[in-house]
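Notes for the one structure printed next.
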Amino acid sequence: MKFILNGTPVEIDFIKEKLLFPHMTVMDYLREHAHLTGTKEGCGIGDCGACTVCLAERDVFGNTVISSVNGCLIMLGMLDNKHLITIEGVAKNGKLHLVQQSLVEKRGSQCGFCSPGMVMSAYAHYLNKKPFTRSSIESSLSGNLCRCTGYESIFQALIDVEKYERIEENPELPENSREELFVEKNGSVYIKPLDLQSLLKYKRWYPQYTLVSGASDLSVKYKTEHPASVSLIDISDIEELKGVTINKDSLTIGANASIESAKEALSVYYPQLSEYLSTFASLQIRNKASMAGSVAGASPVGDIMPLLLALRAGIVLTSDKSSRSIESRNFNTAYRRHIMADDEIIEKFILPLPSERHKLFCSKQSKRKDMDISSMTFCISLSIDNGIIKDVSTGFGGMAAVPCASGKIEEFLTGRPFTEDTFIKAKPLVRQEFSTISDIRGSAEYRLLVAENLLIKCFNDLK
Ligand SMILES: Cc1cc2nc3c(=O)[nH]c(=O)nc-3n(C[C@H](O)[C@H](O)[C@H](O)COP(=O)(O)OP(=O)(O)OC[C@H]3O[C@@H](n4cnc5c(N)ncnc54)[C@H](O)[C@@H]3O)c2cc1C
Ligand code: FES
Ligand code: FES
């Protein structure tokens, strides 16, 4: 594989390089093999941002896209044909970059452990020509934790960057000469097909191999379980799985489009989803994690499925023999189980575009606003016709073994007047529908109470 590292072309032959594997994390590659130890390991599982690096690559239209990503989550094989910039590549000719200089001057660093990650998030923000306003900086740094500064000096330092004229920087990319990657070594296999057709062929030949896209679930799993070997099909660069298309009355989102690009597309039609999806992990994770990764993981507390349920979205499952479109309600079968056959993949999601009378409410409850898995989630879509509620569809997360709809609430609300009284009367149905459990994210009673209260909040927000 070929990529550029801080401006220098790198070529790796995995057969010759005994200690390198395409499934190793970029952070391990940088620290242990490239001896670039500026990228820090804090948590190793996507939670702290100390390992943040910057990735430049081509999008489906051939434009250069720059994003901050977690070095501890993405895999070395995912760098193929891209330009990786680490903290060592930010200062040029011995001169600190503006974001670094400002952090020095405003004392935005104390022990310094978080600082390389902070700089890389701010550098990606700078390269993307985003404004250095407080809210914009907060959103770009949502995945960077600091134990010392209390953040204020960091924000002040970065707000200062806005005062200076920007110098344009365009990271170069390798020539577009991608080749399929097939590495079999020490019992592990890593296949990186170039297109959907080859992916489906491999999935038929090797149905038990695991697909990997943003690796934000799988790298955490491997970090904690230390498997002796892995068999992966890397689908992170398959263009057919990343596109977003607007049709007459629906939006088609490729299964492995990043959550951030899905957020941008969806927010045009459902502005409330900008806030809802901004609470999904951190920007670094959203830049690579996919909707399919969330749905296929079938977690009861994932943020994507409750939304798909409320919108009655379609999920297209494809194998090299056939393709079928199913309703999101039919996807999960039991705790962490789904109806996909071994040779099938999720190809795309089909979401309806809203009509004039249509309303959508989504709320994720978690202990922290950023970077936290939800305790419970409630999404509901409905339309109001002459004051009467119609077309009700719900999606609950964290209330049962799988994300699910509430038939009882949907039936009750349908045909009733859109008034607070209707929603107050719907509250007792929460306890009739769900018998949830207590765990570290919240007690059963807390979840039931919050779900009841969200019905009222939903009315107040939508009225
Ligand atoms: C720090 C941290 C915070 C997080 N916060 C949140 C959060 O706030 N909300 C939330 O919902 N999740 C959160 N997650 C979980 C995770 O980021 C999501 O589940 C994410 O969407 C996974 O996508 P991915 O592309 O990275 O999946 P991967 O790790 O690449 O894959 C996950 C699973 O999906 C399968 N898969 C991927 N693509 C396909 C496909 N096209 N067809 C079939 N199977 C496929 C893989 O085989 C694998 O089994 C968090 C994770 C971390 C580490
Ligand atoms: S080391 Fe903490 S997010 Fe990567
Ligand atoms: S300066 Fe010490 S963790 Fe941020």
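Does residue 243 satisfy the criteria of being modelled with pLDDT under 95 and more than 16 Å from ligand 2 (Cβ to nearest atom)?
Here the answer is yes, as residue 243 does meet what is asked.
Take the residues in the range 255-288 that are in contact (Cβ under 8 Å) with a residue 24 or more places away in the chain and over 18 Å from residue 364 (Cα atoms), then tell me which one is nearest to ligand 1 (Cβ to nearest atom).
For the range 255-288, the residue satisfying everything is 255.
In this structure, is residue 324 surrounded by fewer than 22 Cβ atoms within 10 Å (Cβ to Cβ), among the basic types (Lys, Arg) and at positive phi?
no
Sort out for me the helices (runs of 4 or more DSSP H) sitting completely within the range 356-463 that have 2 or more residues that are under 24 Å from residue 278 (Cβ atoms) and open to solvent by less than 50 Å² (accessible area, probe 1.4 Å).
Correct list: 444-462.
Go through (1) surrounded by fewer than 18 Cβ atoms within 10 Å (Cβ to Cβ); (2) small (Gly, Ala, Ser); (3) within 24 Å of residue 447 (Cα to Cα) and name the single condition residue 341 misses.
With respect to (1) surrounded by fewer than 18 Cβ atoms within 10 Å (Cβ to Cβ); (2) small (Gly, Ala, Ser); (3) within 24 Å of residue 447 (Cα to Cα), residue 341 is out only on (3).
Just to check your reading of the model, which residue among 25, 86 is hydroxyl-bearing (Ser, Thr, Tyr), more than 30 Å from residue 160 (Cα to Cα), within 16 Å of ligand 2 (Cβ to nearest atom) and assigned by TED's automatic domain parsing to the domain that holds residue 162?
Only one candidate passes the filter, namely 25.
Given the criteria more than 10 Å from ligand 1 (Cβ to nearest atom), surrounded by fewer than 24 Cβ atoms within 10 Å (Cβ to Cβ), more than 27 Å from residue 337 (Cα to Cα) and without any contact (Cβ under 8 Å) to a residue 40 or more places away in the chain, does residue 250 qualify?
no
In the range 1-44, what residues are closer than 18 Å to residue 114 by Cα, open to solvent by 20 Å² or more (accessible area, probe 1.4 Å) and more than 16 Å from ligand 3 (Cβ to nearest atom)?
Within the range 1-44, 28, 31, 36, 37 qualify.
Might you let me know whether the range 126-141 holds any residue that is part of a helix (DSSP H, G or I), within 15 Å of residue 6 (Cα to Cα) and out of contact with any Pro (no Cβ under 7 Å at 6 or more places or on another chain)? Spell out how you get there, then give the answer.
Keep residues of the range 126-141 that are part of a helix (DSSP H, G or I), which gives 126-127, 134-140.
Next, from what is left, pick out any that are within 15 Å of residue 6 (Cα to Cα): 127.
Filter once more, keeping what is out of contact with any Pro (no Cβ under 7 Å at 6 or more places or on another chain): 127.
Yes, some residue in the range 126-141 is part of a helix (DSSP H, G or I), within 15 Å of residue 6 (Cα to Cα) and out of contact with any Pro (no Cβ under 7 Å at 6 or more places or on another chain).
In contact with a Phe, Trp or Tyr (Cβ under 8 Å, 6 or more places away or on another chain) and touching a residue at least 24 places away in the same chain (Cβ under 8 Å): is that true of residue 195 in this structure? Spell out how you get there, then give the answer.
On the way: in contact with a Phe, Trp or Tyr (Cβ under 8 Å, 6 or more places away or on another chain): no; touching a residue at least 24 places away in the same chain (Cβ under 8 Å): yes.
It is false that residue 195 is in contact with a Phe, Trp or Tyr (Cβ under 8 Å, 6 or more places away or on another chain) and touching a residue at least 24 places away in the same chain (Cβ under 8 Å).
Quick check: is even one residue across the range 67-75 within 16 Å of ligand 2 (Cβ to nearest atom), open to solvent by less than 10 Å² (accessible area, probe 1.4 Å) and in contact with a Pro (Cβ under 9 Å, 6 or more places away or on another chain)?
yes
Can you pull out every residue in the range 18-45 that is among the β-branched types (Val, Ile, Thr), within 16 Å of ligand 1 (Cβ to nearest atom) and in a loop (DSSP other than H, G, I, E, B)?
45
Tell me which residues, restricted to the range 105-148, are more than 16 Å from ligand 1 (Cβ to nearest atom) and out of contact with any helix residue (DSSP H, G or I) (no Cβ under 8 Å at 6 or more places or on another chain).
Answer for the range 105-148, where residues must be more than 16 Å from ligand 1 (Cβ to nearest atom) and out of contact with any helix residue (DSSP H, G or I) (no Cβ under 8 Å at 6 or more places or on another chain): 110, 111, 112, 113, 127, 128, 129, 131, 135, 147, 148.
Within the range 100-115, can one find any residue that is within 16 Å of ligand 2 (Cβ to nearest atom) and either in contact with a Ser or Thr (Cβ under 6 Å, 6 or more places away or on another chain) or modelled with pLDDT under 95 (or both)?
We begin by selecting, within the range 100-115, every residue within 16 Å of ligand 2 (Cβ to nearest atom); these are 111-115.
Those still in the list that are either in contact with a Ser or Thr (Cβ under 6 Å, 6 or more places away or on another chain) or modelled with pLDDT under 95 (or both) too: 115.
Checking the range 100-115: at least one residue is within 16 Å of ligand 2 (Cβ to nearest atom) and either in contact with a Ser or Thr (Cβ under 6 Å, 6 or more places away or on another chain) or modelled with pLDDT under 95 (or both).
Which of the numbered conditions does residue 50 fail, given that it passes all the others? Conditions: (1) in contact (Cβ under 8 Å) with a residue 60 or more places away in the chain; (2) open to solvent by less than 10 Å² (accessible area, probe 1.4 Å); (3) more than 26 Å from residue 234 (Cβ to Cβ).
With (1) in contact (Cβ under 8 Å) with a residue 60 or more places away in the chain; (2) open to solvent by less than 10 Å² (accessible area, probe 1.4 Å); (3) more than 26 Å from residue 234 (Cβ to Cβ) applied to residue 50, the lone miss is (3).
For a quick check of your reading of the model, give me the residue pairs whose first member lies in the range 59-87 and is closer than 16 Å to residue 293 by Cβ and outside any loop (DSSP other than H, G, I, E, B), whose second is among the small types (Gly, Ala, Ser) and within 16 Å of ligand 3 (Cβ to nearest atom), with beta-carbon atoms closer than 7 Å and at least 6 apart or on different chains.
Note: no pairs meet the criteria.
Condition (residue is more than 26 Å from residue 376 (Cα to Cα) and not aromatic (Phe, Trp, Tyr)) applied to the range 217-224: is it met by at least one residue?
Among the residues of the range 217-224, at least one is more than 26 Å from residue 376 (Cα to Cα) and not aromatic (Phe, Trp, Tyr), which makes the answer yes.
Out of all the residues in the range 341-381, which are free of Cβ contacts under 8 Å to residues at least 60 places away in the same chain and under 29 Å from residue 411 (Cα atoms)?
355, 356, 357, 358
The values are calculated or read from the model by the stated rules, or taken from the named source; none is laboratory data. What you see is a predicted model, and the numbers here were worked out from it, not measured in a lab. Heads up, the Cβs are rebuilt from the backbone with ideal geometry, glycines too, and the neighbour counts pull from every protein chain shown. The protein model used for the area step is the full one, side chains on, heavy atoms only, and it has no ligands, DNA or RNA in it. Shrake-Rupley method; radii C 1.70, N 1.55, O 1.52, S 1.80 Å.
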